[in-house]
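Step one of this worksheet: look at the structure below.
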Amino acid sequence: MTSTVLWLRRDLRLRDHPALLAAAEEAGGSGVLPLFVLDPALLGPAGPTRTAWLFRSLRAWSASADGALVVRSGEPEDVVRQVAREVGAEHVHVTADAGPYGRARDERVEAALSGDGVGLVRTGTPYAIGPGTVVKGDGTPFQVFTPFSKAWTAHGHPEPATSPPADLRWVRRVDGEGVPDDPEEFTRADLRLPDVGEEAALHRWEAFQDRLDDYDTDRERPDRDGTSQLSAHLKYGEVHPRTLLADLAASRHSGTKGGQTFRTELIWREFYADVLWHRPDSAREYYRPQLAGMRFDDPARGDGKAHLEAWQAGRTGYPFVDAGMRQLLTEGWVHNRVRMVVASFLVKDLHLEWQLGARHFMRWLRDGDLSSNNHGWQWTAGSGTDAAPFFRVFNPVSQGEKFDPSGDYVRRYVPELRHLPGKAAHSPWDYAGGYDHGYPQRIVDHKAEREEALARYAAVRS
Ligand code: FAD
């Protein structure tokens with residue numbers, strides 16, 4: 001028996017962790033060295049919110065493993081190889097990464113390790129069914145959600161893994177740098193995060209199960225606490241979707257509408273990871289290329305620049321849009337309905353390309369995830385899977401009135417509108433004194449821009 005290395009990435013938990021079990025089984029009494037690499041290629045683009053989440057999650061993980069986590073900065077192929085040498089490991093264990101960067105990185109690390117005769121062992125993925133597994137009868141990937149969801153369900157997924165062995169030993173004879181403090185930009189931006197880490201994730205899941213009865217209706221209401229807010233916990237693997245699915249199946253919610261809808265949402269996450277697996281280019285390029293030829297405004301000058309800045313700052317003059325964009329900047333999370341509305345507004349009212357919005361989201365979201373984010377954007381922009389038509393343009397005012405009927409959501413994030421009662425907060429232009437507290441005028445006219453968007457669309461269709 002020799003010590004093994006468990007290289008953690010998006011799997012920051014102890015329970016239901018097949019790679020941890022594989023490392024522990026190989027090590028036996030010799031112990032497992034848990035390692036996290038601060039990879040500059042990932043930390044740069046992560047933005048302040050996710051970086052803070054990650055650092056807090058690493059601290060929580062280390063505390064739950066008696067402080068054993070070794071954190072080092074550098075190129076993964078150098079750091080992992082060096083640490084494997086220091087403990088004399090024959091294998092480095094990981095949860096397989098499904099994203100384009102992670103897959104390429106792991107191949108590089110595998111090649112570097114093999115130079116020392118050390119193997120990289122991939123066990124499990126961050127998904128209930130590994131991306132790339134569920135394919136059509138003819139072996140080609142699914143491009144539409146509903147048939148994917150049916151095939152995914154028919155395929156089935158493993159039960160959660162058992163708990164780590166009670167006699168699991170951590171290796172402690174290797175130095176690390178410690179987990180850095182929250183990034184300065186995060187502290188300066190005055191962002192708020194909920195509790196982070198595996199215990200917090202399980203606690204949130206437990207508390208949320210009581211609300212599953214109302215999930216089917218409440219999940220559309222940004223003014224209510226109707227969704228699980230588990231997305232960032234899932235992103236960092238603080239809880240595995242298999243755990244959630246098994247708990248659901250064993251609960252009274254297995255057959256309820258709320259339980260089934262929640263399960264479907266988890267399958268959306270699996271679907272988008274699968275789409276990205278087969279089409280890594282769709283992280284940046286149009287999934288359906290037709291719209292790539294459409295005329296968009298230039299974000300670097302004139303109206304395009306001013307519009308992009310107003311959208312990012314939550315100062316478009318459309319209250320529902322601005323509330324969402326300000327929620328993003330204060331909480332690093334936005335309700336799904338609002339994500340769709342603000343995304344539609346950027347692409348179809350401001351005529352800016354979806355990648356600009358996706359990038360801004362990835363900078364500030366705590367759950368920012370390449371597959372769910374970029375495909376959520378492509379879906380809204382009309383270029384993604386599921387043939388969501390471009391000509392379906394969300395009306396930012398009626399969407400607000402429908403899904404935030406009391407105006408509470410808008411007033412929570414837009415203080416300049418707090419003096420307006422009820423749904424008046426959605427249309428300050430209709431009320432005397434609506435602009436008395438400094439709320440900006442609308443930067444565009446929705447009706448006119450809708451027509452403009454449809455005209456630009458017609459030009460690429462013909
Ligand atoms: P719940 O309603 O409680 O759903 C449970 C879980 O199901 C979520 O945590 C998530 O993992 C998954 N899920 C729910 N809806 C979706 C969906 N439409 N697509 C994929 N998975 C889903 N989700 C992210 O995790 N990261 C992102 O970066 C992201 N960006 C998005 C960008 C746009 C433009 C849009 C329209 C959607 C995006 N989503 C993203 C999907 C969705 O908005 C979030 O997953 C959801 O709002 C997270 O809140 P929750 O955990 O309370 O969700």
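The values are calculated or read from the model by the stated rules, or taken from the named source; none is laboratory data. This structure is a prediction, so every number in the text was calculated from the model and none was measured. Quick reminder, even Gly has a Cβ in these numbers, built from the backbone with ideal geometry, and neighbours come from all protein chains shown.
A few remarks follow.
- Segments classed as strands (runs of 3 or more DSSP E), wholly inside region 1-120, with at least 3 members that are in contact (Cβ under 8 Å) with a residue 12 or more places away in the chain and within 28 Å of Thr187 (Cβ to Cβ): 32-38, 70-73
- Output for region 189-220, where each listed residue is closer than 19 Å to Asp367 by Cα and within 12 Å of the ligand (Cβ to nearest atom): Pro194, Ala201, Arg204, Trp205, Phe208, Arg219, Glu220
- Single residue of Arg204, Arg188 found to be basic (Lys, Arg), at pLDDT below 95 and not in a loop (DSSP other than H, G, I, E, B): Arg188
- As for region 144-156, it holds no residue that is closer than 26 Å to Gly197 by Cα and either assigned to a loop (DSSP other than H, G, I, E, B) or in contact (Cβ under 8 Å) with a residue 24 or more places away in the chain (or both).
- Whichever residue in region 381-409 is crowded, with 22+ Cβ neighbours inside 10 Å and more than 24 Å from Leu454 (Cα to Cα) and, among such residues, is farthest from the ligand (Cβ to nearest atom): Gly407
- Count of region 325-379 residues which are of a type outside the set (Lys, Arg) and more than 16 Å from the chain's Cα centre (by Cα): 15
- Residues of region 41-54 classified as hydrophobic (A, V, I, L, M, F, W, C) and surrounded by fewer than 20 Cβ atoms within 10 Å (Cβ to Cβ), total: 4
- One residue stands out among those in region 191-201 that are on the phi < 0 side of the Ramachandran plot and assigned to a loop (DSSP other than H, G, I, E, B): the one that is surrounded by the most Cβ atoms within 10 Å (Cβ to Cβ), which is Val196.
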